[in-house]
Amino acid sequence: LVLTSQPPIKTDVLIIGAGPVGLFQVFELGLLGLSAHLVDPLPRPGGQCTELYADKPIYDIPALPVCTGQELIERLLTQIKPFNAPFHGGQLVTQLEVLEADPDPKAPRFRVRTQSGLLFEVGAVVLACGVGAFLPRPLAAAGIEAWLQRGVFYGSIQDQIPLALPHRIWIVGGGEAAVSEALLSVDALSEALKNKLPSASEPPEVTLIHRRESLDAPVELIERFRQALSPTPSRDAPQVRLRFLQGQITSFLRPTEDDEMATGHPERALGQMPIQWVDALANTHTDPADLVSVNLGLSPQLGPLGEWGLEMRKKQIPVNTEDFSTSLPGVFAVGDVNTYSGKKKLILSGFHEATLAAYGIAKWVWGTDKIPFEYTTASPRLQARLGVGVKT
Ligand SMILES: Cc1cc2nc3c(=O)[nH]c(=O)nc-3n(C[C@H](O)[C@H](O)[C@H](O)COP(=O)(O)OP(=O)(O)OC[C@H]3O[C@@H](n4cnc5c(N)ncnc54)[C@H](O)[C@@H]3O)c2cc1C
(Lines give C-alpha, C1' and ligand atoms only; values in the text may rest on other atoms or scores of the structure.)
Protein backbone atom coordinates (compact mmCIF):
# COMPACT_ATOMS: atom_id res chain seq x y z
CA LEU A 1 0.00 0.00 0.00
CA VAL A 2 1.43 3.35 -1.01
CA LEU A 3 -0.10 6.26 0.84
CA THR A 4 -0.32 9.52 -1.03
CA SER A 5 -0.13 12.87 0.69
CA GLN A 6 -3.49 14.59 0.22
CA PRO A 7 -3.63 17.33 -0.84
CA PRO A 8 -0.32 17.46 -2.72
CA ILE A 9 2.42 19.62 -1.22
CA LYS A 10 2.76 22.74 -3.36
CA THR A 11 5.91 24.81 -3.54
CA ASP A 12 7.88 26.75 -6.13
CA VAL A 13 10.79 24.32 -6.29
CA LEU A 14 11.45 20.75 -5.19
CA ILE A 15 15.09 20.01 -4.46
CA ILE A 16 15.82 16.30 -4.78
CA GLY A 17 18.80 15.56 -2.55
CA ALA A 18 19.83 17.31 0.67
CA GLY A 19 23.61 17.13 0.34
CA PRO A 20 25.67 20.33 0.71
CA VAL A 21 24.70 21.56 -2.75
CA GLY A 22 20.97 20.88 -2.31
CA LEU A 23 21.12 22.78 0.98
CA PHE A 24 22.87 25.78 -0.56
CA GLN A 25 20.30 25.70 -3.37
CA VAL A 26 17.66 26.56 -0.73
CA PHE A 27 19.68 29.65 0.14
CA GLU A 28 20.09 30.93 -3.41
CA LEU A 29 16.42 30.31 -4.24
CA GLY A 30 15.34 31.93 -0.98
CA LEU A 31 17.32 35.09 -1.73
CA LEU A 32 15.41 35.44 -4.99
CA GLY A 33 12.12 34.87 -3.18
CA LEU A 34 11.42 31.29 -4.27
CA SER A 35 10.12 28.71 -1.80
CA ALA A 36 11.56 25.18 -1.74
CA HIS A 37 11.20 21.78 -0.11
CA LEU A 38 14.01 19.24 0.23
CA VAL A 39 13.65 15.46 -0.05
CA ASP A 40 16.18 12.74 0.67
CA PRO A 41 16.00 9.02 1.50
CA LEU A 42 18.38 9.63 4.40
CA PRO A 43 16.82 10.57 7.72
CA ARG A 44 19.05 13.67 8.02
CA PRO A 45 20.45 16.24 5.62
CA GLY A 46 24.12 16.16 4.62
CA GLY A 47 24.66 13.70 1.76
CA GLN A 48 28.24 12.53 1.38
CA CYS A 49 29.51 14.99 4.01
CA THR A 50 27.59 13.35 6.85
CA GLU A 51 27.44 9.78 5.50
CA LEU A 52 31.01 9.37 4.28
CA TYR A 53 33.25 11.80 6.18
CA ALA A 54 31.37 13.48 9.01
CA ASP A 55 34.47 13.67 11.28
CA LYS A 56 37.07 14.35 8.61
CA PRO A 57 38.42 17.83 7.85
CA ILE A 58 37.65 19.80 4.67
CA TYR A 59 40.15 22.52 3.78
CA ASP A 60 38.84 23.99 0.54
CA ILE A 61 35.64 25.79 1.44
CA PRO A 62 36.23 29.51 0.77
CA ALA A 63 36.77 31.56 3.94
CA LEU A 64 36.53 28.45 6.14
CA PRO A 65 40.14 27.29 6.57
CA VAL A 66 39.02 23.99 8.07
CA CYS A 67 35.80 22.31 9.13
CA THR A 68 34.52 18.74 9.35
CA GLY A 69 31.87 17.32 7.02
CA GLN A 70 29.33 17.47 9.85
CA GLU A 71 30.25 21.04 10.75
CA LEU A 72 29.86 22.21 7.16
CA ILE A 73 26.34 20.78 7.07
CA GLU A 74 25.45 22.38 10.41
CA ARG A 75 26.69 25.75 9.12
CA LEU A 76 24.68 25.37 5.92
CA LEU A 77 21.56 24.49 7.93
CA THR A 78 22.05 27.65 10.00
CA GLN A 79 22.55 29.72 6.85
CA ILE A 80 19.33 28.47 5.20
CA LYS A 81 17.20 28.70 8.35
CA PRO A 82 15.58 32.04 7.37
CA PHE A 83 13.97 30.35 4.38
CA ASN A 84 12.15 27.62 6.37
CA ALA A 85 12.50 24.99 3.67
CA PRO A 86 10.90 21.79 5.00
CA PHE A 87 13.13 18.70 4.90
CA HIS A 88 11.40 15.39 4.11
CA GLY A 89 13.74 12.61 5.26
CA GLY A 90 13.25 8.92 4.46
CA GLN A 91 11.86 9.86 1.03
CA LEU A 92 13.29 8.44 -2.16
CA VAL A 93 11.89 10.27 -5.16
CA THR A 94 10.73 7.67 -7.65
CA GLN A 95 8.49 9.47 -10.16
CA LEU A 96 8.73 12.73 -12.01
CA GLU A 97 5.76 13.61 -14.20
CA VAL A 98 5.62 16.62 -16.51
CA LEU A 99 2.15 18.22 -16.27
CA GLU A 100 0.24 19.45 -19.27
CA ALA A 101 0.82 23.10 -20.12
CA ASP A 102 -1.65 25.37 -18.28
CA PRO A 103 -2.44 28.95 -19.37
CA ASP A 104 -2.17 30.01 -15.72
CA PRO A 105 1.53 30.89 -15.28
CA LYS A 106 1.27 29.99 -11.58
CA ALA A 107 0.03 26.44 -12.29
CA PRO A 108 2.39 23.64 -11.25
CA ARG A 109 4.53 22.17 -13.99
CA PHE A 110 5.63 18.90 -12.35
CA ARG A 111 4.12 16.22 -10.15
CA VAL A 112 6.72 14.33 -8.11
CA ARG A 113 6.17 11.23 -6.00
CA THR A 114 8.30 9.52 -3.41
CA GLN A 115 8.48 5.81 -2.69
CA SER A 116 6.60 6.30 0.57
CA GLY A 117 3.80 8.20 -1.16
CA LEU A 118 4.54 11.88 -0.64
CA LEU A 119 3.20 13.90 -3.55
CA PHE A 120 4.49 17.31 -4.65
CA GLU A 121 3.22 19.72 -7.27
CA VAL A 122 5.90 22.21 -8.14
CA GLY A 123 7.00 24.79 -10.66
CA ALA A 124 10.56 23.53 -11.08
CA VAL A 125 12.75 20.65 -9.97
CA VAL A 126 16.40 20.70 -8.94
CA LEU A 127 18.29 17.44 -9.10
CA ALA A 128 20.94 17.65 -6.40
CA CYS A 129 21.21 13.87 -6.19
CA GLY A 130 25.01 13.66 -5.98
CA VAL A 131 26.37 10.21 -6.64
CA GLY A 132 22.91 8.72 -6.10
CA ALA A 133 20.56 7.87 -3.28
CA PHE A 134 22.22 6.40 -0.21
CA LEU A 135 20.33 3.16 0.15
CA PRO A 136 21.06 0.14 2.34
CA ARG A 137 23.61 -2.20 0.75
CA PRO A 138 21.56 -5.30 -0.11
CA LEU A 139 22.15 -8.72 1.41
CA ALA A 140 22.79 -11.14 -1.45
CA ALA A 141 20.91 -14.20 -0.15
CA ALA A 142 18.58 -16.39 -2.19
CA GLY A 143 14.89 -16.11 -1.33
CA ILE A 144 15.26 -12.91 0.73
CA GLU A 145 12.54 -11.09 -1.27
CA ALA A 146 9.77 -13.29 0.18
CA TRP A 147 10.66 -12.11 3.70
CA LEU A 148 11.43 -8.43 3.19
CA GLN A 149 9.45 -6.20 5.57
CA ARG A 150 7.94 -9.36 7.12
CA GLY A 151 10.83 -10.91 8.98
CA VAL A 152 13.81 -9.29 7.29
CA PHE A 153 14.40 -5.57 7.63
CA TYR A 154 17.15 -3.26 6.45
CA GLY A 155 18.39 -1.18 9.36
CA SER A 156 16.92 -1.09 12.82
CA ILE A 157 14.33 -3.63 14.03
CA GLN A 158 13.81 -2.07 17.44
CA ASP A 159 10.25 -1.02 16.60
CA GLN A 160 9.50 -4.58 15.40
CA ILE A 161 10.65 -6.36 18.55
CA PRO A 162 7.66 -5.46 20.75
CA LEU A 163 5.30 -6.42 17.92
CA ALA A 164 6.87 -9.70 16.81
CA LEU A 165 8.14 -10.85 20.25
CA PRO A 166 10.88 -12.84 18.55
CA HIS A 167 12.93 -15.64 20.09
CA ARG A 168 15.72 -15.68 17.59
CA ILE A 169 17.01 -12.41 16.27
CA TRP A 170 19.78 -12.35 13.66
CA ILE A 171 21.80 -9.23 12.97
CA VAL A 172 23.87 -9.16 9.79
CA GLY A 173 26.96 -6.95 9.55
CA GLY A 174 30.11 -6.05 11.43
CA GLY A 175 30.01 -2.25 11.64
CA GLU A 176 28.87 0.13 14.36
CA ALA A 177 25.21 -0.05 13.32
CA ALA A 178 25.19 -3.87 13.44
CA VAL A 179 26.95 -4.11 16.81
CA SER A 180 24.71 -1.54 18.46
CA GLU A 181 21.64 -3.16 16.93
CA ALA A 182 22.72 -6.48 18.50
CA LEU A 183 23.18 -4.87 21.93
CA LEU A 184 19.89 -2.97 21.67
CA SER A 185 18.15 -6.23 20.74
CA VAL A 186 19.60 -7.99 23.79
CA ASP A 187 18.33 -5.13 25.99
CA ALA A 188 14.88 -5.19 24.36
CA LEU A 189 14.55 -8.97 24.76
CA SER A 190 15.81 -8.81 28.35
CA GLU A 191 13.10 -6.27 29.08
CA ALA A 192 10.51 -8.53 27.45
CA LEU A 193 11.79 -11.48 29.52
CA LYS A 194 11.25 -9.50 32.73
CA ASN A 195 7.63 -9.22 31.66
CA LYS A 196 7.58 -12.98 31.01
CA LEU A 197 7.62 -12.45 27.25
CA PRO A 198 8.26 -14.14 24.94
CA SER A 199 7.03 -17.35 26.63
CA ALA A 200 9.06 -20.36 25.57
CA SER A 201 11.12 -23.06 27.18
CA GLU A 202 14.32 -21.71 25.63
CA PRO A 203 15.53 -18.22 26.50
CA PRO A 204 15.68 -15.88 23.52
CA GLU A 205 18.82 -15.53 21.47
CA VAL A 206 20.48 -12.75 19.49
CA THR A 207 23.04 -13.73 16.83
CA LEU A 208 25.42 -11.31 15.17
CA ILE A 209 26.75 -12.79 11.94
CA HIS A 210 29.62 -11.16 10.08
CA ARG A 211 31.79 -12.46 7.27
CA ARG A 212 34.99 -11.35 8.99
CA GLU A 213 36.45 -12.38 12.30
CA SER A 214 36.78 -8.81 13.53
CA LEU A 215 34.22 -6.07 14.05
CA ASP A 216 34.59 -2.50 12.80
CA ALA A 217 33.06 -0.38 15.56
CA PRO A 218 34.24 2.04 18.26
CA VAL A 219 36.37 0.34 20.92
CA GLU A 220 33.92 0.97 23.77
CA LEU A 221 31.08 -0.57 21.77
CA ILE A 222 33.13 -3.66 20.97
CA GLU A 223 34.04 -3.96 24.66
CA ARG A 224 30.35 -3.82 25.65
CA PHE A 225 29.63 -6.44 22.99
CA ARG A 226 32.42 -8.67 24.30
CA GLN A 227 31.04 -8.44 27.84
CA ALA A 228 27.53 -9.21 26.65
CA LEU A 229 28.81 -12.35 24.88
CA SER A 230 29.72 -13.88 28.23
CA PRO A 231 27.48 -12.25 30.85
CA THR A 232 27.68 -13.08 34.56
CA PRO A 233 25.35 -16.06 35.07
CA SER A 234 22.18 -15.18 36.93
CA ARG A 235 20.39 -17.70 39.13
CA ASP A 236 17.16 -15.79 39.28
CA ALA A 237 16.12 -15.43 35.71
CA PRO A 238 16.87 -16.86 32.28
CA GLN A 239 19.02 -14.55 30.27
CA VAL A 240 19.09 -13.54 26.63
CA ARG A 241 21.90 -15.35 24.88
CA LEU A 242 24.17 -13.38 22.55
CA ARG A 243 26.26 -15.18 19.91
CA PHE A 244 28.81 -14.03 17.38
CA LEU A 245 29.26 -16.11 14.23
CA GLN A 246 31.77 -15.66 11.49
CA GLY A 247 29.93 -16.53 8.32
CA GLN A 248 27.41 -15.42 5.74
CA ILE A 249 23.69 -15.97 5.30
CA THR A 250 23.30 -17.53 1.85
CA SER A 251 19.57 -18.22 1.60
CA PHE A 252 16.16 -17.83 3.16
CA LEU A 253 13.92 -20.82 2.68
CA ARG A 254 10.35 -20.48 1.46
CA PRO A 255 7.66 -19.22 3.86
CA THR A 256 5.18 -21.85 4.96
CA GLU A 257 1.40 -21.42 4.61
CA ASP A 258 1.20 -20.40 8.26
CA ASP A 259 3.73 -17.69 7.61
CA GLU A 260 1.69 -16.51 4.65
CA MET A 261 -1.30 -16.17 6.97
CA ALA A 262 0.75 -14.13 9.37
CA THR A 263 1.30 -11.45 6.73
CA GLY A 264 -0.36 -8.28 7.86
CA HIS A 265 -0.39 -9.44 11.48
CA PRO A 266 2.90 -8.17 12.75
CA GLU A 267 1.79 -8.69 16.33
CA ARG A 268 2.03 -12.45 15.73
CA ALA A 269 5.45 -14.01 15.88
CA LEU A 270 6.40 -15.08 12.39
CA GLY A 271 7.82 -18.34 13.70
CA GLN A 272 9.88 -20.37 11.30
CA MET A 273 12.03 -18.39 8.94
CA PRO A 274 14.68 -20.98 8.13
CA ILE A 275 17.94 -19.44 7.08
CA GLN A 276 20.98 -21.14 5.62
CA TRP A 277 24.39 -19.78 6.42
CA VAL A 278 27.94 -20.80 5.64
CA ASP A 279 30.65 -20.65 8.30
CA ALA A 280 34.30 -19.69 7.89
CA LEU A 281 35.18 -23.31 7.04
CA ALA A 282 32.53 -23.39 4.28
CA ASN A 283 30.17 -25.68 6.23
CA THR A 284 26.48 -25.02 5.59
CA HIS A 285 24.04 -24.74 8.52
CA THR A 286 20.28 -24.25 8.71
CA ASP A 287 18.84 -22.34 11.67
CA PRO A 288 15.46 -20.81 12.42
CA ALA A 289 15.10 -17.08 12.82
CA ASP A 290 12.17 -14.84 13.71
CA LEU A 291 13.57 -11.44 12.89
CA VAL A 292 16.60 -10.44 10.82
CA SER A 293 18.18 -6.98 10.71
CA VAL A 294 20.57 -6.31 7.83
CA ASN A 295 23.19 -3.62 8.49
CA LEU A 296 25.71 -3.74 5.68
CA GLY A 297 26.08 0.02 5.34
CA LEU A 298 24.79 2.39 2.71
CA SER A 299 25.80 2.58 -0.92
CA PRO A 300 24.86 5.26 -3.43
CA GLN A 301 22.56 4.02 -6.18
CA LEU A 302 21.45 6.15 -9.10
CA GLY A 303 17.97 4.68 -8.63
CA PRO A 304 15.02 5.92 -10.63
CA LEU A 305 16.75 9.03 -12.01
CA GLY A 306 17.60 7.17 -15.21
CA GLU A 307 13.89 6.63 -15.96
CA TRP A 308 12.75 10.26 -16.05
CA GLY A 309 13.44 10.91 -19.73
CA LEU A 310 16.50 13.07 -19.08
CA GLU A 311 19.53 12.93 -21.31
CA MET A 312 22.20 11.01 -19.39
CA ARG A 313 25.92 10.61 -19.98
CA LYS A 314 27.70 7.86 -18.04
CA LYS A 315 25.10 8.02 -15.25
CA GLN A 316 25.39 11.81 -15.07
CA ILE A 317 23.23 14.61 -16.36
CA PRO A 318 24.62 16.99 -18.98
CA VAL A 319 23.72 20.61 -18.23
CA ASN A 320 23.87 24.04 -19.83
CA THR A 321 26.43 25.87 -17.69
CA GLU A 322 24.63 29.17 -18.14
CA ASP A 323 21.81 28.14 -15.79
CA PHE A 324 22.37 24.42 -15.09
CA SER A 325 19.24 23.46 -16.96
CA THR A 326 18.94 19.88 -18.22
CA SER A 327 17.44 18.44 -21.40
CA LEU A 328 14.00 18.55 -19.68
CA PRO A 329 12.77 22.18 -19.47
CA GLY A 330 12.14 23.19 -15.85
CA VAL A 331 14.48 20.53 -14.45
CA PHE A 332 17.90 21.72 -13.28
CA ALA A 333 20.89 19.69 -12.05
CA VAL A 334 23.58 20.86 -9.63
CA GLY A 335 26.46 19.29 -7.74
CA ASP A 336 27.99 15.87 -8.29
CA VAL A 337 25.07 14.60 -10.37
CA ASN A 338 25.76 16.87 -13.37
CA THR A 339 28.42 16.87 -16.03
CA TYR A 340 29.87 19.50 -18.35
CA SER A 341 33.20 20.32 -19.89
CA GLY A 342 35.70 20.93 -17.08
CA LYS A 343 33.39 19.66 -14.31
CA LYS A 344 35.04 19.16 -10.92
CA LYS A 345 33.16 17.30 -8.21
CA LEU A 346 33.84 19.87 -5.51
CA ILE A 347 31.49 21.45 -3.02
CA LEU A 348 32.48 24.98 -3.98
CA SER A 349 31.74 24.23 -7.65
CA GLY A 350 28.31 23.00 -6.54
CA PHE A 351 27.71 26.28 -4.68
CA HIS A 352 28.46 28.26 -7.84
CA GLU A 353 26.18 25.99 -9.87
CA ALA A 354 23.33 26.44 -7.35
CA THR A 355 23.68 30.23 -7.68
CA LEU A 356 23.36 30.30 -11.45
CA ALA A 357 20.63 27.63 -11.35
CA ALA A 358 18.57 29.84 -9.00
CA TYR A 359 18.49 32.62 -11.61
CA GLY A 360 17.55 30.10 -14.32
CA ILE A 361 14.80 28.69 -12.10
CA ALA A 362 13.42 32.16 -11.31
CA LYS A 363 13.20 32.89 -15.03
CA TRP A 364 11.43 29.57 -15.64
CA VAL A 365 8.97 29.84 -12.75
CA TRP A 366 8.10 33.51 -13.27
CA GLY A 367 8.30 33.43 -17.06
CA THR A 368 10.46 36.57 -17.25
CA ASP A 369 14.08 37.40 -18.04
CA LYS A 370 14.05 40.33 -15.63
CA ILE A 371 15.46 38.86 -12.45
CA PRO A 372 16.97 41.61 -10.30
CA PHE A 373 20.62 41.18 -9.43
CA GLU A 374 21.38 42.48 -5.93
CA TYR A 375 24.05 42.24 -3.24
CA THR A 376 23.17 40.98 0.23
CA THR A 377 25.41 43.74 1.62
CA ALA A 378 23.30 46.48 0.13
CA SER A 379 19.82 45.21 -0.67
CA PRO A 380 17.13 45.86 1.99
CA ARG A 381 14.91 43.37 0.12
CA LEU A 382 17.45 40.54 0.43
CA GLN A 383 18.15 41.49 4.05
CA ALA A 384 14.43 41.34 4.78
CA ARG A 385 14.30 37.84 3.26
CA LEU A 386 17.26 36.87 5.42
CA GLY A 387 15.53 38.32 8.47
CA VAL A 388 18.43 40.69 9.19
CA GLY A 389 18.36 44.43 9.48
CA VAL A 390 21.60 46.14 8.52
CA LYS A 391 22.11 49.72 9.70
CA THR A 392 23.31 52.05 6.97
C1 LIG B 1 35.75 10.93 1.45
C2 LIG B 1 35.36 12.18 0.67
C3 LIG B 1 36.01 13.36 0.94
C4 LIG B 1 35.66 14.53 0.22
N5 LIG B 1 36.34 15.68 0.49
C6 LIG B 1 36.00 16.81 -0.18
C7 LIG B 1 36.69 18.04 0.07
O8 LIG B 1 37.62 18.11 0.88
N9 LIG B 1 36.29 19.15 -0.62
C10 LIG B 1 35.27 19.12 -1.54
O11 LIG B 1 34.95 20.15 -2.12
N12 LIG B 1 34.63 17.96 -1.81
C13 LIG B 1 34.96 16.81 -1.17
N14 LIG B 1 34.32 15.64 -1.45
C15 LIG B 1 33.27 15.64 -2.50
C16 LIG B 1 31.98 16.25 -1.94
O17 LIG B 1 31.55 15.54 -0.79
C18 LIG B 1 30.88 16.19 -3.00
O19 LIG B 1 31.32 16.95 -4.11
C20 LIG B 1 29.59 16.78 -2.45
O21 LIG B 1 29.09 16.00 -1.39
C22 LIG B 1 28.54 16.83 -3.54
O23 LIG B 1 27.39 17.36 -2.97
P24 LIG B 1 25.94 17.07 -3.59
O25 LIG B 1 24.99 17.84 -2.74
O26 LIG B 1 25.99 17.31 -5.05
O27 LIG B 1 25.72 15.49 -3.46
P28 LIG B 1 25.71 14.49 -2.21
O29 LIG B 1 26.54 14.98 -1.09
O30 LIG B 1 26.06 13.17 -2.80
O31 LIG B 1 24.19 14.47 -1.75
C32 LIG B 1 23.20 13.99 -2.63
C33 LIG B 1 21.95 13.61 -1.84
O34 LIG B 1 20.91 13.28 -2.78
C35 LIG B 1 20.16 12.21 -2.26
N36 LIG B 1 19.44 11.54 -3.37
C37 LIG B 1 19.96 10.85 -4.41
N38 LIG B 1 18.98 10.35 -5.19
C39 LIG B 1 17.80 10.73 -4.63
C40 LIG B 1 16.43 10.50 -4.95
N41 LIG B 1 16.04 9.80 -6.03
N42 LIG B 1 15.47 11.03 -4.13
C43 LIG B 1 15.83 11.77 -3.05
N44 LIG B 1 17.10 12.02 -2.71
C45 LIG B 1 18.09 11.49 -3.47
C46 LIG B 1 21.22 11.33 -1.59
O47 LIG B 1 20.65 10.45 -0.62
C48 LIG B 1 22.16 12.37 -0.97
O49 LIG B 1 21.85 12.68 0.37
C50 LIG B 1 34.65 14.47 -0.76
C51 LIG B 1 33.98 13.28 -1.02
C52 LIG B 1 34.33 12.13 -0.32
C53 LIG B 1 33.60 10.84 -0.60
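Here are the numbers for the structure shown:
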quantity: Nearest 10 degrees, 0 to 90: helix 347-366 Cα axis against the chain principal axis; calculated: 60 degrees
quantity: Per-residue ³J(HN,Hα) for the range 116-122, Karplus 6.51 cos²θ - 1.76 cosθ + 1.60, θ = phi - 60°, Hz, x for Gly and Pro; calculated: 8, x, 5, 10, 10, 10, 9
quantity: Accessible area of the chain divided out per residue, in Å², using a probe of 1.4 angstrom; calculated: 52 Å²
quantity: Extension reserve of the Gln95-Gln158 stretch, reckoned as 0.36 nm per residue once the Cα distance is removed; calculated: 19.6 nm
quantity: Nearest-ten-degree value, helix 219-229 long axis tilted from longest Cα axis of the chain; calculated: 30 degrees
quantity: Sorted peptide list for 239-249, 37-47, 103-113, 346-356, criterion being average Cβ within 10 angstrom, highest first; calculated: 37-47, 346-356, 239-249, 103-113
quantity: Sequence ranges 136-143, 279-286, 10-17, 202-209, ranked by mean other-Cβ count within 10 angstrom, highest first; calculated: 10-17, 202-209, 136-143, 279-286
quantity: Simple spin-label estimate for Arg137 and Val388 in nanometres, 7 Å along Cα-Cβ; calculated: 4.2 nm
quantity: Kirkwood hydrodynamic radius of the range 1-142, Cα pairs, Å; calculated: 16.2 Å
quantity: Computed FRET value (nearest 0.05) for Thr376 with Glu74, which takes r as the C-beta separation and R₀ as 35 Å; calculated: 0.95
quantity: Principal-axis tilt of helix 69-80 within the chain, Cα atoms, nearest 10 degrees; calculated: 50 degrees
quantity: Amide H contacts of Gly46 (H built 1.01 Å from N, under 5 Å, at least 5 apart or other chain); calculated: Ala18, Gly19
quantity: DSSP bridge pairs, the chain: antiparallel proportion in percent, nearest 5; calculated: 40 percent
quantity: Apportionment of accessible area to carbon and sulfur, the range 35-193, percent (1.4 Å); calculated: 55 percent
quantity: Proximal lysines relative to Lys344, as straight alpha-carbon distance under 22 Å, when same-chain residues fewer than 8 apart are discounted; calculated: Lys56, Lys314, Lys315
quantity: Net length gained if the chain between Thr286 and Leu52 were fully extended (0.36 nm per residue, minus Cα distance); calculated: 80.7 nm
quantity: Surface/4 of the Cα convex hull for the chain, nm²; calculated: 24.9 nm²
quantity: DSSP bridge pairs, the range 12-167: antiparallel proportion in percent, nearest 5; calculated: 50 percent
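The values are calculated or read from the model by the stated rules, or taken from the named source; none is laboratory data. Everything numeric in this text was worked out from a predicted model, so none of it was measured. Cβ sites come from the backbone with ideal geometry, for glycine too, and all protein chains shown count toward neighbours. Areas reflect the complete protein model, heavy atoms only, side chains present, ligands, DNA and RNA absent. Shrake-Rupley method; radii C 1.70, N 1.55, O 1.52, S 1.80 Å.
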